[in-house]
Amino acid sequence: MAPSSSDPWTVGERSIVPSVLGLSSLVAVAIAAALTLLGVLVDLMRQGTLGFVFTVLYIAGCVLAIAWVRRDGLFGPLVAPPLLLAVAVPAVVLIAGDPKPGTGMAERALQIGAPLVNSFPIMAGTTAFVLVVGVFRMATQKLRRTPSLDKKPAREPAKREPAAARGAARRSTSPRRS
């Protein structure tokens, strides 16, 4: 079905707003990552740890990603929130943390793990909201299958001559013995 004049994009190409062309999955996740990184940098310069600015920009980036992505590219932004946080929080701890000489592996893991556990509610809430928006989009922007995608084209069976005709043709072309 061709798009009408009121819907310039096919369902698979739309963002959450039908009249707006959606972004590719990679670009949408890059926007979420860029806003998350901006929040990390601002909070590190301001207070040396992740805080309010990081939280707001992380949530905003993830929500914008799921809203602006094309309907047929929802998977990337749906799984991005926990992955972004799983990268951002340990990176901040490793960059901003002050390693003491003789710090063992277990203490280092606790230094990374504690902020990760403390940021779990933010990640869980963001992931839940992004999943709700994604499921809403899947329910309201259903992709229509074309017949060519649903089944393979029918193959015409090879034309075969009846057995009697094949036998007669062989007999007439073979040399006769007397």
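Read the figures in this text as sums done on the coordinates, not as results from a lab. Nothing here was measured: the structure is a model prediction, and the numbers come from that model. Positions of Cβ are generated from backbone atoms using ideal geometry, with glycine treated the same way; all protein chains shown enter the neighbour counts.
Placing R0 at 35 angstrom, the Cβ-Cβ distance between residue 45 and residue 13 gives a FRET efficiency of 0.35 after rounding to 0.05. Taking label points 7 Å from Cα along the Cα-to-Cβ direction, residue 20 and residue 107 give a separation of 4.9 nm.
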